[in-house]
1. Pairs of alpha-carbon atoms within less than 8 angstrom and 6+ residues apart define the contacts here; what relative contact order does the range 1-116 have, in percent?
2. Any idea of the accessible area per residue across the range 445-499, 1.4 Å probe, to the nearest Å²?
3. As I understand it, the dipole of the range 6-268 uses +1 on the Cβ of Lys and Arg and -1 on the Cβ of Asp and Glu, about the Cα centre. Which of Ala118, Thr243, Leu171 lies farthest toward its positive end?
4. What FRET efficiency would be calculated for the residue pair Asp140, Arg440, taking the C-beta separation as r and a Förster radius of 41 Å, to the nearest 0.05?
5. Of all the C-alpha pairs in the range 1-58, what % are more than 13 Å from each other?
6. Ignoring solvent entirely, what values of log10 I(q)/I(0) come out of the Debye formula for the range 189-239 at 0.21, 0.22 Å⁻¹ when each Cα is a single scatterer?
7. Whole-Å semi-axes of the range 1-147's equivalent ellipsoid, largest first, each the root of 5 times a Cα gyration tensor eigenvalue?
8. If the viscosity is 1.567 mPa s and the temperature 4 °C, what Stokes-Einstein diffusion coefficient in µm²/s follows for the range 197-340 when Rh is the Kirkwood radius over Cα pairs?
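The values are calculated or read from the model by the stated rules, or taken from the named source; none is laboratory data. Since the model is a prediction, treat every value here as computed from it, not as a measurement. When we count neighbours, we look across all protein chains shown, and the Cβ atoms used for this are built from the backbone with ideal geometry, even at glycine. With ligands, DNA and RNA removed, areas are computed over all heavy atoms of the protein, side chains included. Shrake-Rupley method; radii C 1.70, N 1.55, O 1.52, S 1.80 Å.
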Amino acid sequence: MSQYSLEQWQQKAANLIIEGRAWIDEGYCRAENDSTLPSINPATGLPLADIADCSEADVDRAVSLARAALDRGDWSRRAPSDRRLVLERLADLVAKHAEELALLESLDMGKPVGDALAFDLPQTEHCLRFYAGAIETQTDEVLPTGDQVLATVTREPVGIVAAVVPWNFPLMISCWKLAPALATGNSVIIKPAEQSSLSAIRLAALAAEAGIPAGVFQVLPGQGKITGQALGLHMDVDCLTFTGSTLTGKRFMAYAAQSNLKRVWLECGGKSPQIVFADSQQLERAAAAAAAAIFVNQGEVCIAASRLYVEDAIYDDFVQLLLREARQYCPGNPLDPASRAGAMVDQLQFDRVVGGVTEALAAGARTLTDTPLIAAQNNGWFLNPTVLECDSNANPLMREELFGPVLGLCRFHSEEEVIALANDSAYGLGAGLWTDNLGRAHRVSRRLQAGMVWINSYADGAITVPFGGRKQSGFGRDKSIHALDKYTDLKSTWIDLSH
Ligand code: NAD
């Protein structure tokens, strides 16, 4: 829980200076055609700021400045030890401005400010420090060849990296892309989501203060179908790293094919299963984890375990535990430190979730929670945690990502059956299982089609451990040392030793 009261956070919010312009080259900048988008506080429905609505011309300008910076070499060819110091300074500035950044995140996308301060900000800072430290651990190779030649393999920055990011963890996910791409010497352009541009814009100013040179890190807010598409189709962007929906991820692959074959990395949607076996002796912990896994951050979490399979023998008892835990995530004012859930990011997402629940009910799902789906809170978009019992994976709730606080629950009878149910999905991001049987834990985890599996927990994470999925959840990994591979090219150099 944060150290401030609701009234103190409200006072801080009232005094906050909010910047909505793009960051191009080395300063704030209006969109070339002066057009803007409104940024709305989803907890109140009131406008927060006008955000630059960047056009294709703005993208062209930022890309040519990014290219000029690369060619200048004041970042791309800078000594690794210097790059490390600058990234460490940026981490220090993020720590120094943590309250302001947490507040921006909360006002902009509706998450509880306490969660932003306790989770998003420390994760962001740690990410920057981790990749700062990683810079000087990277080594090149000399490989075995004939006696008369020497072959080296060196890593080079891939060039201009465009990062198109979503609204659910705006700052943290931006840094999952930014930090390894900057660490490896690239120029980076971030296109934040329309709903949540404020923290990335602020980060650009902090990066300049930390010593990132002009044109090396730029932020272009704007619409996906204009700014995002222009980056995806740009002939001089070398790499497009994306987090967002599977539909948009597929578009980026098409943009790459239609333009310059830029490399594309995708972290997309999920419909992650969690399985509770009757042999688990930790049912209370499992119920708490199952509730947190879908209701934290209003369910707007890519790895949300939105499908829960519970073994028949413990089903009824487990449901009681689960419903007790679910009640704790009834939403409140995001600025109230006691709130464990806030507002949905915007009306579109609110309507999408309400529509998904209506569809699930029409297909035979039964509501187990005793609160109405829609929670009344001034003019904001608030939803209560909702558990729907489904008979099978045929219900659309068990198949389609809703990205809201809605859990689909199903019973199962055997290990084989539940493995098939869990894998019966277009997605493959996360998966969880609860069992006290060691053999079963390994056996089932090996067969789950997911990039990440949690056994007797859900959603543990560390910057050292890769994060990402399989199937239509995308490919490539954020976090960990492996992310550096995404932003570097290998160069093989042959040296003739015979003369
Ligand atoms: P989205 O795909 O609608 O938008 C993501 C970004 O893409 C935004 O910046 C948006 O402006 C841009 N965009 C949208 N349409 C575009 C287009 N036609 N061309 C180019 N760019 C376009 O996703 P969202 O609604 O912002 O985020 C929710 C989704 O993100 C969910 O599916 C969630 O699972 C996924 N997500 C995945 C991860 C992960 O690590 N796998 C993490 C967080 C969120």
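1. Once divided by the residue count of the range 1-116, the mean separation gives 25 percent.
2. Normalised by residue count, the accessible surface of the range 445-499 is 55 Å².
3. Of Ala118, Thr243, Leu171, it is Thr243.
4. 0.40
5. When every Cα pair of the range 1-58 is considered, 69 percent fall beyond 13 Å.
6. Scattering profile of the range 189-239, log10 relative to I(0): -0.78, -0.84.
7. After scaling each eigenvalue by five and taking roots: 36, 24, 12 Å.
8. Value of D from the Cα-based Kirkwood radius: 68 µm²/s.
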